[in-house]
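Working notes, structure below.
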Amino acid sequence: MDWSEINAKAWDGEAANGNAWARIVPEDEIERARNGNPGIRVTIDKNVPLSWIEPLRGKHVLSLGGGGGQQTPLLAAYGCRTECVDKSSGMLEKDRIALEKYNLKAALHRNDMTDLSIFADESFDGIISPVSMNFVSDIGSVFSEAARILRIGGIFIFGIANPALYIFDDRLLAKGRMKIKYTLPFSDEKSLSQKELRKRILKGDTIEFSHTLETIFGGLTESGFAITGFFSDGTSFEPIDSFLQDCYLAIKAIRIDDGAICQNENTSDTHR
C-alpha cells in the first residue's frame with residue numbers, strides 16, 4: 001500500500017478536525033518572530049532553543065513535513081526565505097491561510113519528504129522538521145535527501161518520537177491505562193493484524209512507524225551529519241509522562257563535509 005498517500009489523507013482529516021499541529025499560530029507569536037524570537041517547536045511542548053535557530057535568520061530554510069500554519073509562517077516572519085514540503089493538502093492549506101493572514105511569503109509544495117528531487121543539491125541553509133518522520137517507514141531516505149539539499153554547514157533540526165512510546169496498547173492508553181503490547185521496532189503495517197490495519201485505514205487514522213535509536217542516530221551520522229544539540233520533551237499526557245520522561249527527542253545536526261570525515265578517519269588510522 002502507499003502509506004504516504006494514506007497518511008496524507010489522514011492528515012487532511014486531522015487538519016479539518018483541528019489537530020494541535022494544525023492550529024494557525026496567533027498574531028502575538030508572529031510578532032515575536034518578527035522581533036527575533038520565533039518560538040519554533042518540533043516536539044510537543046518545548047520550544048527549540050533560540051541559539052539553534054539564530055544562524056538561520058535571513059537564510060533559505062525548508063519546513064519539512066511542516067504544514068499546519070505554524071513552523072512555516074513563523075520562519076517566514078523571522079525573516080527566513082522559507083519553503084514548505086508536506087504531503088497533506090489540508091496541512092498546506094493551513095500554511096496558505098496563515099501566510100495570507102499575516103502578509104507573509106513562502107513557497108508551498110505537496111511532496112513526499114522521502115523524495116526531495118524537486119530541489120537542487122545544496123540549495124538550503126537549514127531544515128526544520130516537526131515530529132513527522134514517524135509517518136514514514138524509511139527515515140534513511142529522509143536523512144540522505146536532507147544531506148543532499150543542505151549546504152555544507154547547514155543545520156537540520158527535527159523532532160521524533162522515542163521508540164519506547166510504541167510498546168503500549170494505544171486503545172488502553174487513551175483510557176489512561178498502560179499495558180505493554182508490542183515489540184520494537186513497531187509499525188502499524190507489520191505489528192497489527194490485517195483486520196486491525198484495515199480498521200485504522202477506514203477510520204482515517206495515521207499509519208505510524210517507530211524507528212530504532214540506531215536508525216535515528218546512526219542513520220543521521222552515516223548520512224553526513226554531526227549531532228550538535230539534543231533535548232527531550234514530554235507528551236502533555238500524564239499517564240505516559242509519569243512513566244517515560246524522554247517521550248520525544250529533538251535533535252540539531254550539522255551537515256559536514258564528507259571529505260573532511262574521510263580525511264579525519266584516515267588520519268586517525270595512521271596514528272594507531
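Condition test on G90, is it more than 26 Å from P163 (Cβ to Cβ), assigned to a helix (DSSP H, G or I) and of a type in the set (G, A, S)? First the steps, then the outcome.
Working: more than 26 Å from P163 (Cβ to Cβ): yes; assigned to a helix (DSSP H, G or I): yes; of a type in the set (G, A, S): yes.
Yes: the conditions hold for G90.
Restricting to segment 33-71, name every residue that is crowded, with 22+ Cβ neighbours inside 10 Å and in contact with a Lys or Arg (Cβ under 9 Å, 6 or more places away or on another chain).
Result: P38, V48, V61, G65, G67, G68, G69, Q70, Q71.
Let me confirm something: among R34, R81, R41, which residue is closer than 19 Å to I157 by Cα and in contact with a helix residue (DSSP H, G or I) (Cβ under 8 Å, 6 or more places away or on another chain)? Walk me through how you get there before you give the answer.
Details: R34 fails: closer than 19 Å to I157 by Cα; R81 fails: in contact with a helix residue (DSSP H, G or I) (Cβ under 8 Å, 6 or more places away or on another chain).
Just one listed residue meets the conditions, R41.
With respect to the numbered conditions (1) in contact with a strand residue (DSSP E or B) (Cβ under 9 Å, 6 or more places away or on another chain); (2) part of a loop (DSSP other than H, G, I, E, B), which one is the sole condition not fulfilled by T82?
(2)
Could we say that K105 is among the charged types (D, E, K, R) and not in a helix (DSSP H, G or I) here? Outline the logic, then answer.
Values: among the charged types (D, E, K, R): yes; not in a helix (DSSP H, G or I): yes.
So K105 fits the description; yes.
Taking helices (runs of 4 or more DSSP H) that do not extend beyond segment 185-232, which have at least 1 residues that are within 22 Å of E145 (Cα to Cα) and touching a residue at least 24 places away in the same chain (Cβ under 8 Å)?
Working: elements: 188-191, 194-203, 219-222.
So the answer is 219-222.
With the requirement that a residue be in contact with a Phe, Trp or Tyr (Cβ under 8 Å, 6 or more places away or on another chain), within 22 Å of F158 (Cβ to Cβ) and surrounded by 16 or more Cβ atoms within 10 Å (Cβ to Cβ), what does segment 186-227 give you?
Selection gives F186, S187, D188, T206, I207, E208, F209, S210, G219, L220, S223, F225.
List the residue pairs whose Cβ atoms are under 7 Å apart, where the first residue sits in segment 1-18 and is more than 16 Å from R110 (Cα to Cα), the second is crowded, with 19+ Cβ neighbours inside 10 Å, and the two are 6 or more positions apart or on different chains.
E14/A22; A16/G90
Condition test on G126, is it buried (at least 20 other Cβ atoms within 10 Å of the Cβ), assigned to a strand (DSSP E or B) and touching an Asp or Glu at 6+ places or on another chain (Cβ under 9 Å)? Break it down stepwise before answering.
Numbers: buried (at least 20 other Cβ atoms within 10 Å of the Cβ): yes; assigned to a strand (DSSP E or B): yes; touching an Asp or Glu at 6+ places or on another chain (Cβ under 9 Å): no.
For G126, the condition - buried (at least 20 other Cβ atoms within 10 Å of the Cβ), assigned to a strand (DSSP E or B) and touching an Asp or Glu at 6+ places or on another chain (Cβ under 9 Å) - is not met.
Before we move on, is A174 at pLDDT below 95, small (G, A, S) and surrounded by fewer than 18 Cβ atoms within 10 Å (Cβ to Cβ)? So that I can check it myself, show each step before the final result.
Working: at pLDDT below 95: yes; small (G, A, S): yes; surrounded by fewer than 18 Cβ atoms within 10 Å (Cβ to Cβ): yes.
Yes; evaluated as a whole, the condition is true for this residue.
The values are calculated or read from the model by the stated rules, or taken from the named source; none is laboratory data. These numbers were taken from a predicted model, which means no experiment stands behind them. We place every Cβ from the backbone using ideal geometry, glycine too, and count neighbours over all the protein chains shown.
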